[in-house]
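The values are calculated or read from the model by the stated rules, or taken from the named source; none is laboratory data. Quick caveat: nothing in here was measured; it's all calculated off a predicted structure. Methodologically, a virtual Cβ is constructed for each residue, glycine included, from the backbone with ideal geometry; neighbour enumeration extends over all protein chains shown. Just so you know, the surface numbers come from the protein's heavy atoms only, side chains and all, with ligands and any DNA or RNA stripped out. Shrake-Rupley method; radii C 1.70, N 1.55, O 1.52, S 1.80 Å.
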Amino acid sequence: QVQLVESGGGLVQAGGSLRLSCAASGINFSGSNMGWYRQTPGKQRELVATISSGGITNYADSVKGRFTISRDNAKNTVYLQMNRLKSDDTAVYYCKADRFSLLIGWGRGTQVTVSS
């Protein structure tokens with residue numbers, strides 16, 4: 001059974017930092033591409049960052065230089081280090097796994113709220 005469980009969200013002041021984690025089970029984690037996406041009410045879910053099975057990373061322009069995605073294949077976990085947070089970063093953050101361009105699954109999300 002595929003499970004992607006996000007953690008690490010919370011309330012933080014603008015300029016602060018948070019680290020999100022997504023623990024995966026039931027999948028070939030090391031062979032999967034992983035990504036973080038976010039969504040606010042009334043808007044489409046948008047890409048934040050992805051990391052391929054080979055470690056190649058990709059970021060949305062809005063987070064480049066502030067966020068870092070990484071993975072630990074030994075722990076089946078993908079991380080999102082978020083620095084210099086802004087109020088615009090407030091959203092529910094979701095973890096996604098895919099392999100060979102096929103969706104494996106989504107996590108349930110973790111709320112990040114940045115107060116200005």
Suppose we filter I69, I56, I51, I104 for residues that are of a type in the set (A, V, I, L, M), touching a residue at least 60 places away in the same chain (Cβ under 8 Å) and under 14 Å from M34 (Cβ atoms); which single one remains? I104
Given the structure, is R71 of a type in the set (K, R) and within 23 Å of Q1 (Cα to Cα)? yes
Could you please tell me which pairs satisfy a Cβ distance under 9 Å, a separation of 6+ or placement on different chains, a first residue in segment 1-28 that is at negative phi and assigned to a loop (DSSP other than H, G, I, E, B), and a second residue that is open to solvent by less than 70 Å² (accessible area, probe 1.4 Å) and among the aromatic types (F, W, Y)? G9/Y93
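Just for segment 66-75: of the residues that are surrounded by fewer than 20 Cβ atoms within 10 Å (Cβ to Cβ) and not charged (D, E, K, R), which one is farthest from A23 (Cα to Cα)? Talk me through it step by step, then tell me what you get.
Going residue by residue through segment 66-75, those that are surrounded by fewer than 20 Cβ atoms within 10 Å (Cβ to Cβ) are 66, 68, 70, 72-75.
Now drop any that are not not charged (D, E, K, R), which leaves 68, 70, 73-74.
On the way: T68: 17, S70: 12, N73: 10, A74: 11 Å.
Of everything passing the filter in segment 66-75, T68 is farthest from A23 (Cα to Cα).
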Among the residues of segment 16-26, which ones are open to solvent by 30 Å² or more (accessible area, probe 1.4 Å) and more than 18 Å from V92 (Cβ to Cβ)? S17, S25, G26
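Residue-wise test of (1) of a type outside the set (V, I, T); (2) touching a Phe, Trp or Tyr at 6+ places or on another chain (Cβ under 8 Å).
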residue	(1), (2)
N33	yes, no
R38	yes, yes
K43	yes, no
R66	yes, no
I69	no, yes
K75	yes, no
Do we find that T57 is at pLDDT 95 or above, over 17 Å from S7 (Cβ atoms) and among the β-branched types (V, I, T) in this structure? yes
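Does L47 count as among the aliphatic types (A, V, I, L, M) and open to solvent by less than 40 Å² (accessible area, probe 1.4 Å)? Reasoning before the result, please.
Values: among the aliphatic types (A, V, I, L, M): yes; open to solvent by less than 40 Å² (accessible area, probe 1.4 Å): no.
Here the answer is no, as L47 does not meet what is asked.
With the requirement that a residue be more than 19 Å from G15 (Cα to Cα), in contact with a Leu (Cβ under 9 Å, 6 or more places away or on another chain) and open to solvent by 30 Å² or more (accessible area, probe 1.4 Å), what does segment 80-112 give you? Reasoning before the result, please.
Pass one, segment 80-112, residues more than 19 Å from G15 (Cα to Cα): 94-110.
Cutting the leftovers down to in contact with a Leu (Cβ under 9 Å, 6 or more places away or on another chain) gives us 94-97, 104-108, 110.
Within segment 80-112, Y94, K96, I104, W106, R108 qualify.
Just the residues that are of a type outside the set (G, A, S), under 16 Å from F67 (Cα atoms) and outside any loop (DSSP other than H, G, I, E, B), please, taken from segment 81-100.
Start the filter on segment 81-100 by keeping residues that are of a type outside the set (G, A, S), which leaves 81-86, 88-90, 92-96, 98-100.
With under 16 Å from F67 (Cα atoms) added as a condition, the list becomes 81-86, 88-90, 92-95.
If the condition is that a residue be of a type outside the set (G, A, S), under 16 Å from F67 (Cα atoms) and outside any loop (DSSP other than H, G, I, E, B), then Q81, M82, D88, D89, V92, Y93, Y94, C95 are the ones that fit.
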